[in-house]
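Below is one structure, written out as structure tokens, with a few remarks after it.
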Amino acid sequence: MVDTLDADIQRGLTCWLLDTRSLWPGKKITDSESAREALTLISDEEQETVTRKYHIADARMSLASALLKRLFVHKTLGIPWNAITFGRKRDPKHGKPIALAVLPALGPAPVEFNISHQAGLVVLVGCHTADLDVELGVDIVCVNERNDYRVIDEEGFDGWVDIYSEIFSQEESFDIKYNADNFPLLDGTLITPAMLGRHDRCCARNQHLSITLPSGEQRDVDSDLLIDAKLRRFYTIWCYKEAYIKLDGEALLAKWIPQLEFKHVRAPRPGTPARCSTHGSWGERVSDAEVWFSLVEDGKGPAGVHGMNKGERRKLEDTRVEIQAFEEDFMIGVAAKERRDDAVGGGKGRLPEVLTHFKGLHLEEDVMSVARRA
């Protein structure tokens, strides 16, 4: 599969996924002989970060993230594995991770990449900036991993959304609370927003909603299904926001997050769950959301947004977002922004039509075997 990885990089945009849920068994990461070998392939600082993790699931994802970014830089630039080093853009603690050029050269290496992990899955997107001059961000979410139902049952779905008022604009919060995408009943019947009517205002679970189907048939619908659809929509917008914030590189320092809005959002239909002997399947891919920004205070916005006046609201035409469902609960969002200075980069490629063409990697065949030879 190594040849396939080379082909992915040559195509322009690399999208990789590594599933750590069944890797490196044990109570702690160093219990596994394979993990101990993998730890020798990363820096001392990264080893400390991995082994300091309290939960082994977090240690697995941290180790996989360190391996993936090295694999990407090695395959893209041909830098020897042990010579690869990393830094951060702008802020030395919270800034966006970057690969550094090999001495005697100084500054960033000519690659762009971003990594995210959640609930055992690790994803990477990246490109060689000589071929595709873009900024990239990726985020992966797992719906209800944190058992959001507990708070929703106590505070209502609307009260739960209000907890995140520093993340969403008022318009987005209203949209999340009182709009829902199509969702299926257990028999496959699809419930649309038009069928819901004013039931779209329901923010509580364990309610019985009387809905009239287009055929005239009355159906009693459990509101749990509606809340699940709203929850999935919440995480779709959350995933878009995180992907853009990571693209920009300000991370926790960003004070403009509520002013970053996403319109025409639709949650992707899920794939199938993982079974005992197989991984789950990919679900729907959605790419029609728009990115908007409102400048509330002069100079307080994403680093890449220029020329706006206070009070102005603008669609960010240079930025695309796309989200891909995986299994029942995962969604992976990618944000990509092209630097379209034709005088500087007129010969460079453009973003591919699909931003979330993820390829699942095999730890031994695709990662460890390459690292040993590098």
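For the stretch 80-98, which residues satisfy the criterion of being open to solvent by 20 Å² or more (accessible area, probe 1.4 Å) and among the β-branched types (Val, Ile, Thr)? Passing the criteria: Thr85, Ile98. With respect to the conditions (1) open to solvent by 50 Å² or more (accessible area, probe 1.4 Å); (2) among the hydrophobic types (A, V, I, L, M, F, W, C); (3) over 30 Å from Arg88 (Cβ atoms), Ala229 lacks only one, and its number is (1). Any residue in the stretch 117-125 that is assigned by the TED database to the domain that holds His357, within 30 Å of Ala274 (Cα to Cα), open to solvent by 20 Å² or more (accessible area, probe 1.4 Å) and hydrophobic (A, V, I, L, M, F, W, C)? Yes.
Would you be able to say whether some residue in the stretch 188-205 is touching a residue at least 60 places away in the same chain (Cβ under 8 Å) and outside any loop (DSSP other than H, G, I, E, B)? Scanning the stretch 188-205 turns up no residue that is touching a residue at least 60 places away in the same chain (Cβ under 8 Å) and outside any loop (DSSP other than H, G, I, E, B). Assess whether Val73 counts as being open to solvent by less than 40 Å² (accessible area, probe 1.4 Å), in contact with a Ser or Thr (Cβ under 9 Å, 6 or more places away or on another chain) and without any contact (Cβ under 8 Å) to a residue 60 or more places away in the chain. Judged against the criteria, Val73 is not a match. Summed over the stretch 114-158, residues that are part of a helix (DSSP H, G or I) and without any contact (Cβ under 8 Å) to a residue 12 or more places away in the chain total 3.
The residues of the stretch 74-106 that are modelled with pLDDT of 90 or more, out of contact with any Lys or Arg (no Cβ under 9 Å at 6 or more places or on another chain) and more than 20 Å from Ala130 (Cβ to Cβ) amount to a single one, Asn82. The numbered conditions (1) among the small types (Gly, Ala, Ser); (2) more than 21 Å from the chain's Cα centre (by Cα); (3) closer than 24 Å to Phe358 by Cα are all true for Ala66 except (2).
Filtered by the rule that a residue be crowded, with 17+ Cβ neighbours inside 10 Å, at pLDDT 95 or above and either in contact with a Ser or Thr (Cβ under 9 Å, 6 or more places away or on another chain) or assigned to a helix (DSSP H, G or I) (or both), the stretch 339-367 gives Leu355, Thr356, Leu363, Asp366, Val367. Residue check: Gly26 meets all listed conditions (1) open to solvent by less than 70 Å² (accessible area, probe 1.4 Å); (2) under 22 Å from Val123 (Cα atoms) but one, namely (2). If you go through the stretch 1-21 and keep only what is modelled with pLDDT under 95 and of a type in the set (Ser, Thr, Tyr), you end up with just Thr4.
Counting only residues that are buried (at least 21 other Cβ atoms within 10 Å of the Cβ) and either modelled with pLDDT of 90 or more or closer than 22 Å to Val143 by Cα (or both), how many does the stretch 247-261 have? Count: 4.
The conditions of being touching a residue at least 60 places away in the same chain (Cβ under 8 Å) and over 19 Å from the mean Cα position of the chain (by Cα) are met by Ile227.
Per-residue answers, yes or no, for (1) open to solvent by 40 Å² or more (accessible area, probe 1.4 Å); (2) touching a Gly at 6+ places or on another chain (Cβ under 7 Å); (3) modelled with pLDDT under 95:
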position	(1), (2), (3)
Pro108	yes, no, yes
Ile115	no, no, no
Leu132	no, yes, yes
Asp139	no, yes, no
Cys142	no, no, no
Asn147	yes, no, yes
Trp160	no, no, no
Glu166	yes, no, yes
Asp181	no, no, no
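For Ile211, the conditions (1) touching a strand residue (DSSP E or B) at 6+ places or on another chain (Cβ under 8 Å); (2) under 27 Å from Ile140 (Cα atoms); (3) crowded, with 17+ Cβ neighbours inside 10 Å are fulfilled apart from (2). Of all the numbered requirements in (1) modelled with pLDDT of 95 or more; (2) in the same structural domain as Asp228 (by the TED database); (3) buried (at least 16 other Cβ atoms within 10 Å of the Cβ), Asp153 misses one, and that requirement is (3). Has the stretch 185-192 got any residue that is open to solvent by 20 Å² or more (accessible area, probe 1.4 Å), small (Gly, Ala, Ser) and in the same structural domain as Glu327 (by the TED database)? Yes, the stretch 185-192 contains at least one residue that is open to solvent by 20 Å² or more (accessible area, probe 1.4 Å), small (Gly, Ala, Ser) and in the same structural domain as Glu327 (by the TED database).
The values are calculated or read from the model by the stated rules, or taken from the named source; none is laboratory data. Note that the structure is predicted; figures quoted are calculated from it, not measured. Virtual Cβ from ideal backbone geometry, glycine too; neighbours counted across all protein chains shown. These accessible areas exclude ligands, DNA and RNA; they are computed on the full protein's heavy atoms, side chains included. Shrake-Rupley method; radii C 1.70, N 1.55, O 1.52, S 1.80 Å.
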